[in-house]
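Novice: The structure is given below, and queries will be raised subsequently.
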Amino acid sequence: MPPEDPSHIEWVPWSELGPEWIDLWGDAPQPEHIEITGQTGSGKTYFLCTILQERAREFGDREILVVTKKADEIFDRLGWPVTDRLEDVKAYRQVIFWPQTDLQGEARDAYIEKRIHDLMTMIWVADSNCVVAFDEIGFVEQLSRRMKKLIGMWWREARSMRIAIVAMKQRPVWVQRDQHSETRWKVVFPPADRADMERFAQLLGKPKEWEPVLDELDEREFVLHHSARRQDVEVQSYVSWIDTELRPLPSQSKQEREPALSTYRKEERHGRRR
Ligand SMILES: Nc1ncnc2c1ncn2[C@@H]1O[C@H](COP(=O)(O)OP(=O)(O)O)[C@@H](O)[C@H]1O
Ligand SMILES: [Mg+2]
């Protein structure tokens, strides 16, 4: 089925699709960027945590989940260490980076901006070999002009550093054009508001073809779509829903700190299958 013909889209629960898709996402250590769009409460974070956890189990990838608002219970279910210290980001294979502060207003935003900027600078090295997921990239992007520029550069160049970005957004507005053009995988939950339908459908292709698909989605169902044909494998579009349980991997409940790394780049080059 060509990806541009959404009328025969397959409906597959994640318990069936997930194991196959984790490989399609991309071989370790270089998965592709992903863009996830959906209103609050649609299940974006649950989806994100599920795929990050499956990737950790399958490939043992280094993964950093950047969070800017109060961690919800989903993050507890992931079971990863939560930190805002750069040393910890180096030390743990899978980690949640959450800058926390008692500051408020502009001082708070400035603090968060600096912490995330420092993190992104630290990771930006050749052969970085990591997946960086932003739970709300729209918020991060608007923190400052330099942050907006930095994220634009990440979209264009992160793959050359072997960094894969997973970015979540509530609505497809205010998104840098680079995000749309540089992401091959799109995950789209249905919009709450019909007025948003066309924009959401545009993320996938021709609105006339995709609106009926989005229209049929129930709660927690999403379209998973690859926007370019890949030579190596015939990639399809799917409707799916997460029917698997999110829980920590046995190895993560007591994740060992790795020996101190003098630089981030000392990471081994290839992901390990576990
Ligand atoms: N597939 C799912 N199975 C079980 N619970 C889910 C699923 N998807 C979402 N939830 C729950 O629904 C709520 C909203 O999901 P969440 O991922 O936080 O949405 P979003 O990030 O889009 O705001 C959370 O409490 C989450 O645990
Ligand atoms: Mg969320």
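Novice: Under the Karplus relation 6.51 cos²θ - 1.76 cosθ + 1.60, θ = phi - 60°, what is the ordered set of whole-Hz ³J(HN,Hα) values for segment 102-117, x standing for Gly and Pro?
Specialist: 8, 4, 10, x, 5, 5, 5, 4, 5, 5, 4, 4, 5, 4, 6, 4
Novice: Label residue 160 and residue 219 with points 7 Å out from Cα along Cα→Cβ: what is the distance between them in nm?
Specialist: Label at residue 160, label at residue 219, 4.6 nm between them.
Novice: Oh, and also: Mind computing the radius of gyration and Dmax over the alpha-carbon atoms of segment 6-243? Å is fine for both.
Specialist: Here Rg and the maximum Cα pair distance are 17.2, 51 Å.
Novice: Something else: Taking amide H positions as placed in the peptide plane 1.01 Å from N, state which residues far from residue 133 in sequence (5 or more) or on other chains have amide H under 5 Å from it.
Specialist: Result for residue 133 returns 64, 65, 66, 166.
Novice: Once the mean 1/r over all distinct Cα pairs of segment 60-128 is inverted, what Kirkwood radius in angstroms do you read off?
Specialist: On the way: mean 1/r = 0.0780 Å⁻¹.
Hydrodynamic radius (Kirkwood, Cα only) of segment 60-128 equals 12.8 Å.
Bear in mind these aren't lab numbers, they're just calculated from the coordinates by the rules spelled out. Computed from a predicted model, the values in this text were never measured in an experiment. Reconstructed Cβ throughout: ideal geometry from the backbone, glycine too, with neighbour counts over all protein chains shown.
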